[in-house]
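Below you'll find the structure, written out as structure tokens, and then a few comments.
Just so it is clear, none of the values below were taken in a lab; they were calculated from the coordinates. Keep in mind that what you see is a predicted model, and the values were worked out from it rather than measured. No Cβ is skipped: glycine too gets one built from the backbone with ideal geometry, and neighbour counts run over all protein chains shown.
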Amino acid sequence: MASNSASAGERAGVSGVGGERLGRAGSGGRPVRGAEADGGAAGARRTAGSPRLDRAVWRALGDLGFFALRMPEADGGVGLGLPEAVLLFEETGRALVPGPLVATHLAAGAVPGAAAGETVVAAVDGGLVEWLDEADVVRGDTSGAVPLRSIDPLTPLHRVPAGRAAPDPVAVLLTAAEQLGTAGRVCELAAQHARAREQFGRPVGAFQAVAHLCAGILVGTETARAAVYAAAVTADPADIAAARILADEAAVRGARDCLQVHGGMGFTWESEVHLHVKRAWVRTQRAGGVTESEEALAAALPAESV
């Protein structure tokens, strides 16, 4: 376990995360939380090239019990379980909240200050480390870490030569929950744009090709939702592996199809759509990736009888 010596003052900068306030109306017409307003396109515009964590917001997440959610109440935690954690991580995925949320959540109770949001914890994950420069503590060997140019402007990455370790099933499931949040959000964005954007005197959603894209995003999202919620209840490794596979597919394919519905507008900094595509791609490399989940699911299948 390695410590990062950068001071809190050096980390001070523009945040990619908002507070718990209400922000401007979202593209679906509903009020959005600060995290959703600032963590998406607005946050990416401000922090492009040098994303920084807002320590005040990180501590606020700690005060709300986000990181200590699954710790026993006797130890200062909230005393809830995996299903509740999945619901929270789904919302952070929807809102594009940046930062090593999964690593810090898993470190609560093991790393001093992690549960309260006073300590930012990153972790070596399959040869990659997210938010290495911003972390106070890094779990795993970061010797020889090399910065990468991340496709996601809100997720700085480093590559480390360490070998791949078996992923934590909880990390796999929480990553799937974040992917589910992305899938749900891009489904909303696609449907809203298809209703509002007009071409040839009618909403583009009236055209069969666009309608089919939106319907496909919804089907993928709801299929993944059923799998992720079920895995949160059973905590069975095979269920978690299946949930991860479906959630990754729903997020990546859904975000790409949402981009197709938006056309060129989806690539602009005024839109959050391309950020969901990029975040979904980055998440597919976490916790063993889909390949590890496919192997785990295959291993759980009963042997074929002859």
- Message: Restricting to Cα pairs below 8 Å that are 6+ residues apart, what does the relative contact order work out to for the range 161-306? Please round to a whole percent.
- Response: 32 percent
- Contour minus end-to-end for THR234 and GLU118, with contour as 0.36 nm per residue of separation and end-to-end as the Cα-Cα distance? 38.6 nm
- Query: For the range 92-215, what is the Kirkwood hydrodynamic radius in Å, using each pair of distinct C-alpha atoms?
  - Reply: 16.9 Å
- Query: For the range 232-306, which GluC sites (Glu not before Pro) are in a loop by DSSP, counting at most 14 other Cβ atoms within 10 Å?
  - Reply: GLU270, GLU304
- Query: Taking the Cβ-Cβ separation of ASP141 and HIS212 as r and a Förster radius of 41 Å, what is the calculated FRET efficiency to the nearest 0.05?
  - Reply: 0.30
- Task: Any chance you could run the full-extension gain for GLU222 through ARG202? It's 0.36 nm times the residue separation minus the Cα-Cα distance, nm to one decimal.
- Result: 4.4 nm
- Task: Specify whether the C-alpha gyration tensor of the range 129-283 places it in the rounded, prolate or oblate class, a ≥ b ≥ c being the square roots of the eigenvalues: rounded for a/c under 1.5, otherwise prolate if a/b is larger than b/c and oblate if not.
- Result: oblate
